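Working notes for the structure below.
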Amino acid sequence: MKHFLSFIFCLWSFSSYADKQLPEPAADGFKYPLKTIDYTQEVDRLTPNPDSLDFLIVYDPLEGINRRVYKFNYLFDEYVFLPVVSGYKTVTPEFVRTGVSNFFSNIGEVPTIVNSVLQLQIKNTAKSVGRLLINTTLGIFGLFDPASAMGLTAFKEDFGQTLAYWGVGEGPYLVLPFLGPSNLRDTTGIVVDIVSEKEINFLNVARERKEHNEIFALQAINQRYVTPFRYGDLGSPFEYDLVRYLYTEARKLKVEIKENVDQESLSE
């Protein structure tokens, strides 16, 4: 625990330093137009200003390596991952795929509950616990999603968001092999969430996944199946820059929306 806290402190110090390397926004908001956006808007409506190159300003000291990893991910996705997903769709009926997605989504409620607690989000914790209990019981171990029909819509919390909640900066932008865009803070979050899920071992899935690689493979295929992003769909020679921008701003948006909700809850 002592070493983990030391690591978090180093991460926070490095991230804070990294964040200071970016210029401050201009008074009129031109430098970083998203700073003045109404954060009730949906993430998919946020697009860079085509008349400005400000969206290129993301702290990316490992850009050379990141671009190579991005290209690797592009080729892997095109020639391995998507053909496998296509085959998966061919040999399985839609209701089976939906059941698989629901099952792994239900398992994903575990890190959401943990991180909701760590962020002191009482309402979100209760909501996620409710979803887990309802879908595990009435939904037959998560194969069905009756909780959504009852008004308990799904949401996701991760340890990267928890670190952001407690003031840890995002640090340098990273592109992870197979996983795609991230940053130092969110990469740390991924590792912590994996460890916590393994330690909790809900429904014994983590242990069985370790002994049966086909479970891990099915989870990976399902994750790609439910992810709509396709390389090349942006139709831009600056796709790397656009993806970097959109990922960075989407993560900021999640944190800022949550802060606004917290302030409204305290004022009520």
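The values are calculated or read from the model by the stated rules, or taken from the named source; none is laboratory data. Everything numeric here is computed off the predicted structure, so don't read it as measured data. Quick reminder, even Gly has a Cβ in these numbers, built from the backbone with ideal geometry, and neighbours come from all protein chains shown. Just the protein is used for accessible areas: all its heavy atoms, side chains included, with ligands, DNA and RNA removed. Shrake-Rupley method; radii C 1.70, N 1.55, O 1.52, S 1.80 Å.
The table that follows gives values for the structure above.
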| item | result |
| --- | --- |
| Taking the convex hull of Cα positions in segment 142-220, its mean projected area over all directions (nm²) | 6.9 |
| Debye log10 I(q)/I(0) at q = 0.12, 0.14, 0.17 Å⁻¹ for segment 184-257, Cα point scatterers | -0.54, -0.71, -0.93 |
| Tail fraction, Cα-Cα pairs, segment 106-165, threshold 15 Å, whole percent | 44 |
| Radius of gyration, Dmax [segment 115-268; alpha carbons; angstrom] | 17.5, 50 |
| Segment 68-151 - percent of accessible surface contributed by carbon and sulfur, probe 1.4 Å | 72 |
| Sequence ranges 114-121, 83-90, ranked by mean other-Cβ count within 10 angstrom, highest first | 114-121, 83-90 |
| Over segment 64-196: Rg over Rh, Cα atoms, Kirkwood Rh | 1.04 |
| Under 5 Å, built H, 5+ apart or other chain: amide partners of Leu176 | Ser182 |
| Mean Cβ count within 10 Å, highest first, over the residues of peptides 220-228, 131-139 | 131-139, 220-228 |
